[in-house]
Amino acid sequence: MESTISGKNEKELRHFNEDYKHFSLVRNFNLADFITLANGLCGSHSIFSCIHYMITKEEWSLWIGLLLMPLGMLFDLLDGKVARWRKSSSLLGQELDSLADLISFGVAPAVCGFAVGMRTFADTIILSIFITCGIARLARYNATVASFPKDSSGKISYYEGTPIPTTLSIVAVIAYLFTVGKIDDNLPGGVIELSPNIMIHPFVLLYALSGVAMVSKTLRIPKI
């Protein structure tokens, strides 16, 4: 089984390398890949919008940042359906999907948390660990997806650990808090002084919990 998978991967890589020419990368993209790039575009602009909010305090820019992340998830769901419909899944598409997911559901939610007030040194350590867990989760998925049970359409049966788009649940909570004015100095739980020089917002522990759930080996989530 493993040798068959390895042979298929080597064939795809060889085919890609043979077709590679100057400026030929875009020509190797299929429709699903362009949809995946739209996901990454949403995540990237979400980050810029959150940074813009920190600089200007213009509420509309934070709303754009919040809304672009779930929009990226719609593209993430669509690219898989299009790939299966057109039977155009590839190693390139798999890597593109992981990179786009990391931006939209790893980096963007962390930057959003920073933008709404989780900015102490301890906060940023936890937000960084959260992103790192997302990286590890996606790398593990790419390394093991070939061995997961699949149905007749090629879709896997379950995920090991929570899928990285589940981080949008934190974004939804932040959106609600933003609506009711519970951000910055008013974040739930306030701020706790761990030592004279170390402060932490308890709310940031939601990011820690999400990171642990993503890299869990025993937690299995059925894929719908």
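Read-outs: derived from the displayed coordinates by stated rules, not from any lab. Every value quoted in this text rests on a predicted model; they were computed, and no experiment measured them. No Cβ is skipped: glycine too gets one built from the backbone with ideal geometry, and neighbour counts run over all protein chains shown.
Summary of values
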quantity: 13 Å cut-off, amide nitrogen to a point 7 angstrom out along Leu78 Cα→Cβ, residues in segment 35-50; calculated: 35-42
quantity: Estimated vicinal HN-Hα couplings, Hz - segment 205-211 in sequence order (Karplus 6.51, -1.76, 1.60; Gly, Pro = x); calculated: 5, 4, 5, 5, 4, 5, x
quantity: Per-pair calculated FRET efficiency, R0 = 41 Å: Val191 and Tyr158 via Cβ, rounded to 0.05; calculated: 0.60
